Amino acid sequence: MRLIQYLTDQGARGVARIDGNRAITVPGATSMIDLAKQAVAAQRSLDEAVKAEGDGAALDYQALLADGRVLSPVDHPDPAHCLVTGTGLTHLGSADTRDKMHKKISGDVESLSDSMKMFRMGLEGGKPQLPGPGVQPEWFYKGDGSSVVAPGADLPLPEFALDGGEEPEIAGLYLVDPNGKPWRLGFALGNEYSDHVMERQNYLYLAHSKLRACAIGPELRTGALPDKLEGESRVVRKGSVLWRKPFLSGEGNMSHTIANLEYHHFKYGLFRRPGDLHVHFFGTATLSFGDGIRTEPGDVFEIEMAEFGAPLRNRLAPARGGFAYGGVGAL
C-alpha cells in the first residue's frame, strides 16, 4: 500500500492511500503518526489500520501534487521528537562500480583508506548468516524533524555551504511505541542532500557535511522492501535535464541487510524513547557530484522509482537568514 499525507482545501491535514491517479482519503485520519499509534495499540499493521477505516472521498492525486498540498509522508507534531539519521557505504552500485570497488579492497587492509576499510567490513560481515547482528555500518546524524522539507519544497543552501548535492536514497520510517519498541511504518524515497565538497576536504568533516535539510516522499510504501530496486536520479537546470543516472537499492544491491542497519541504530537506548519518530536513510552509490556536476541555486532534483509512485522533486534555493560570526551572547 502507498500512503500520503495531504492538506485539504481548507488547510486541514488528511491521510490517503494512492490508487492510480486517485488519492482515496482515509476517513477520520488527520496524520500518519496518529494512524500508526492506533495500529500499534490495536496490534495490527498499518495496512490493516487503513482498511479498517474504509474508503473516503477520491481526490485527484496529480492536482494535490501540483498544488503543493502533499506533505512529507510522516512527521511529528513536535519536530524535536523526530530524529533524522543514516548509514553510508552500504550499497554496491552498478556492476562496473562493484568491480572497481572489489579491486580497490583486494590488497593489504592496512593500505586501504578508512572508507574502503568500512566498505570491506560491510561486504564481509554486513549480512550475517547466523541469528544476530553483523558488523556495524558507518552512521551519521542529520538533524531533527525541522530539517525535513516537504515534497516540492525548496532545499535550503546555507551561506556557509561549499556544495549542495543530492543523494537519492530509500529511508525507513519508524515509530517507537510506549514500551520503547521501534515499529517500521514503511519506506519512502529520500533525498539525503549533503555538502560533498566539504566532505572531500577531509573525511572527518562528514558530520558537518550531513547537517543539512533533506526530503522524503511523497509516498510511504508499506510492507517489505523488494530485494532489488532500480530508479533514476536527475538534476534539472532551467527546464532541461543536466544529469541523469540510474540508482540501485534493496538488499540485493547492498552490503548490509535492513535488519542489520536497524539493529545498529536502535541498539542505543536514546533512540528507543517512547513516542519518537525516526527517519533513517539507508545510503546510496549514485550522486551527480561523483560525475563532476556542481549544482546551482534553482536546480531541481528529481528522484523516481516506480515502486514508490510519484517522483520526489525539490529545488535548491539559498537559505534565508543565517548566523553571524560573534553572534553568541554571554550571560
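The values are calculated or read from the model by the stated rules, or taken from the named source; none is laboratory data. Since the model is a prediction, treat every value here as computed from it, not as a measurement. No Cβ is skipped: glycine too gets one built from the backbone with ideal geometry, and neighbour counts run over all protein chains shown. The accessibility values were calculated without ligands, DNA or RNA, using every heavy atom of the protein model including side chains. Shrake-Rupley method; radii C 1.70, N 1.55, O 1.52, S 1.80 Å.
Pairs of lysines in the chain whose Cα atoms sit within less than 15 Å of one another amount to 6, provided the residues are eight or more positions apart or on different chains. Under the simplified labelling scheme, the TRP139-ASP114 pair shows an inter-label distance of 1.6 nm, with each label point 7 Å from Cα along Cα→Cβ. For the chain, the residue among THR25, SER113, GLN10 whose Cα projects farthest onto the positive side of the dipole built from Cβ charges is SER113. Enumerate the residues in the stretch 12-31 having an amide nitrogen under 20 Å from the point lying 7 Å beyond the Cα of ALA306 toward its Cβ. It comes to 18-22, nothing else. Cα centroid separation, the stretch 279-324 to the stretch 58-89: 15 Å.
Here the dipole of the stretch 44-86 is about 80 debye; that uses its Cα centre as origin and unit charges on the Cβ of Lys and Arg (positive) and Asp and Glu (negative).
Computed over the stretch 211-331, the Cα gyration tensor eigenvalues convert (square root of 5λ each) into semi-axes of 28, 26, 14 Å, ordered from largest to smallest.
Could you work out the helix-only [θ] at 222 nm for the chain, with each DSSP H run of four or more residues adding -39,500 (n - 2.57) and the total divided by the number of residues, to the nearest 500 deg cm²/dmol?
Using -39500 (n - 2.57) per qualifying helix, the result is -5500 deg cm²/dmol.
Sparse packing (at most 15 other Cβ atoms within 10 Å of the Cβ) combined with a DSSP loop state is found for the following chymotrypsin sites (Phe, Trp or Tyr not before Pro) in the stretch 239-323: TYR268, PHE323.
Summary of the geometry: the stretch 5-48 and the stretch 221-244, compared by the centres of their Cα atoms, lie 25 Å apart. Summarised as an ellipsoid, the stretch 107-176 has semi-axes of 32, 20, 10 Å, derived from the eigenvalues of the Cα gyration tensor scaled by 5 and square-rooted, with the largest first. All other residues whose Cβ lies under 13 angstrom from that of HIS208 are scored, Lys and Arg at +1 and Asp and Glu at -1, for a net of +1. At 0.36 nm per residue, and after removing the present C-alpha to C-alpha distance, how many nm does the segment from ARG200 to ASP227 gain when stretched out fully? Length difference between fully extended and current span is 6.6 nm.
Distance between the 7 Å Cα→Cβ label points at ARG294 and LYS238: 1.6 nm. The residues of the chain expose on average 47 square angstrom of accessible surface per residue, using a 1.4 Å probe on protein heavy atoms.
Across the stretch 1-85, the fraction of Cα-Cα pairs farther apart than 19 Å, rounded to a whole number, is 36%.
Could you tell me whether the stretch 108-244 comes out rounded, prolate or oblate from its Cα gyration tensor? Rule is a ≥ b ≥ c as square roots of the eigenvalues, rounded for a/c under 1.5, then prolate if a/b exceeds b/c, otherwise oblate. Oblate shape, in that a/c is at least 1.5 and b/c is the bigger or equal ratio. Placing +1 on each Lys and Arg Cβ and -1 on each Asp and Glu Cβ, with no other charges, gives the chain a dipole about its Cα centre of roughly 240 debye. If only the Cβ of Lys and Arg carry +1 and only the Cβ of Asp and Glu carry -1, the dipole of the stretch 241-292 around its Cα centre is close to 80 debye.
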